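The values are calculated or read from the model by the stated rules, or taken from the named source; none is laboratory data. A quick note: this is a predicted structure, and the numbers were derived from the prediction, not measured. Cβ coordinates were reconstructed from backbone atoms using ideal geometry, including for glycine residues, and neighbour counts include every protein chain displayed.
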Amino acid sequence: MTAEIAVLNQSGVAIAADSAVTIEINGEYKVFQLANKVFTLSKYEPVGVMIFDSSTFMGIDWETIIKLYRNRLASGSSPHLRDYAADFLSYLTEATDLFEPVRQEDEFRARLRRLFRSIRKEFMDAANSAIEENGKIDDAEAKELLRSAVASKHQEFRSAERITHPDGTALGPEEVASVTTQCKGIIAEVRHEVFEDAPIDSAISKKLNELGVLFATRKLMMNPASGIVFAGYGRQDVFPNVYSYYVEMTMGSLLKHDPTHKLCIDKGQVAGIIPFAQSEMVFSFMEGVDPFYQKVIEKELSKRFDTYAEAVAQELFDDETQRRFVVDKLERANRKLVSEFRSDLERYRKSEYAMPVTRMVASLPKVELATMAETLVNLRSFKRHVSTEAETVGGPIDVALISRGDGFVWIKRKHYFDPGKNHHFFANYYREVYNG
């Protein structure tokens, strides 16, 4: 996990990230504190990129992918930040030297196996519960439980939006057909592996086959997925922008991705604070309450109202039919009251907490944007440090400031080497400029 943030106004955008990365090895987790998560997307243009959640894509480190793309981009530029984002995401489907068909199929196989195993676990849990309750379960009942588990997951993916191309255009029928053909054999292989001894019939098999294709073409993600944030300016952008996406895998010419945030500074939107990954400290800072505590308040209030409805009905009516009628009426009224309560609190938090902070951010000079971004990341890191939780946020904080006039400027940046002993590293960074 990680904590990252973008703070922006009309003068620029500051991005900051901690350095913790969690590695899973044979079911055990280890945290390292020197991961790079902030990069320049171009050596020459004011564009930066941050990575959160999974540090790899299709088994390859994001740092490697970003720097290979940067070499390909060279001194090229795009009119708008969204064009940089679309070009980079398209690169993930075009870099067949990195993501060759065998790697794509292996990634799809591993993720589909995880999905099918989650369905099998749901089925087994339901079957064990039925056995505990009734002492046994026959084949027909087992088959129905499996059919229900498959149908539930099938509906979940079917209800999700279909992925698009990186530029936002819809997939064509022939592209979906191509992915279906590419996935068909793998789906059958994984289905047989995971459900070999399960009470599966032709109808369930068909549903699982359809689910495999939906998994490849819908935006619903399976962990671990990666978050990627683009920040800065295109050639024609006057004010800074931020775009972020979740990306999971590529299959053929398709990239399974989902846009998550978009903030474009203009005359109507003069400032913004966007947290990524572990964001509860930023929420607390912006809205004056811990988000988990807020959910507990709403849940407990709803529970108390429902208990009150039952108590009132019990006191006023002896007839069970009358009691149920009154309880139903009161519960509907309670849900309306809780919804209004939630909306009123949200309006108050925005007017008294979030909006004053946003107005203050709008007037901050550039260097204060960077200070604020670093401080907000450090708050989350410090809370992890003094709690009993694993320190999945921590280490040095990298901070960059991107502005229209000065471009991408590092405010704080860690190195795994001594810069004083590696002058060639910095000389080589722009060697094509000097040699050109």
The stretch 32-46: number of residues that are outside any strand (DSSP E or B), buried (at least 21 other Cβ atoms within 10 Å of the Cβ) and either outside the structural domain of I397 (by TED's automatic domain parsing) or at pLDDT 90 or above (or both): 5
Can you find a residue that is within 22 Å of E63 (Cα to Cα), modelled with pLDDT of 90 or more and either part of a helix (DSSP H, G or I) or in the same structural domain as P46 (by TED's automatic domain parsing) (or both) anywhere in the stretch 348-364? no
Enumerated strands (runs of 3 or more DSSP E) restricted to the stretch 171-275, each holding at least 2 residues that are in contact with a Lys or Arg (Cβ under 6 Å, 6 or more places away or on another chain): 241-251
Any hit, the stretch 279-287, residues being within 13 Å of the chain's Cα centre (by Cα), closer than 30 Å to T375 by Cα and part of a loop (DSSP other than H, G, I, E, B): yes
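Table: residues versus (1) closer than 30 Å to A6 by Cβ; (2) of a type in the set (A, V, I, L, M, F, W, C); (3) modelled with pLDDT of 85 or more; (4) exposed (fewer than 15 other Cβ atoms within 10 Å of the Cβ).
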{"position": "H257", "(1), (2), (3), (4)": "yes, no, yes, no"}
{"position": "H261", "(1), (2), (3), (4)": "yes, no, yes, no"}
{"position": "V270", "(1), (2), (3), (4)": "yes, yes, yes, no"}
{"position": "F292", "(1), (2), (3), (4)": "yes, yes, yes, yes"}
{"position": "A311", "(1), (2), (3), (4)": "no, yes, no, yes"}
{"position": "E320", "(1), (2), (3), (4)": "no, no, no, yes"}
Output yes when any residue across the stretch 187-209 is crowded, with 21+ Cβ neighbours inside 10 Å, under 25 Å from I15 (Cα atoms) and touching a residue at least 12 places away in the same chain (Cβ under 8 Å), and no when none is. no
For the stretch 78-101, how many residues are of a type in the set (S, T, Y), in a loop (DSSP other than H, G, I, E, B) and in contact with a strand residue (DSSP E or B) (Cβ under 9 Å, 6 or more places away or on another chain)? 1
Quick one: in the stretch 235-255, of everything that is polar (S, T, N, Q) and surrounded by fewer than 17 Cβ atoms within 10 Å (Cβ to Cβ), which residue is farthest from G12 (Cα to Cα)? S253
Is it fair to say G232 is crowded, with 18+ Cβ neighbours inside 10 Å, in the same structural domain as F57 (by TED's automatic domain parsing) and among the small types (G, A, S)? yes
Select from the stretch 3-30 the residues that are more than 20 Å from the chain's Cα centre (by Cα), at pLDDT below 95 and either of a type in the set (A, V, I, L, M) or over 24 Å from K383 (Cα atoms) (or both) and list them in ascending order. I25, N26, G27
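Table: residues versus (1) touching a Gly at 6+ places or on another chain (Cβ under 7 Å); (2) more than 22 Å from T22 (Cβ to Cβ); (3) without any contact (Cβ under 8 Å) to a residue 24 or more places away in the chain.
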site	(1), (2), (3)
F341	no, yes, no
D344	no, yes, yes
E368	no, yes, yes
A373	no, yes, no
V386	no, no, yes
G394	no, no, no
S403	yes, yes, no
G407	no, yes, no
Y416	no, no, no
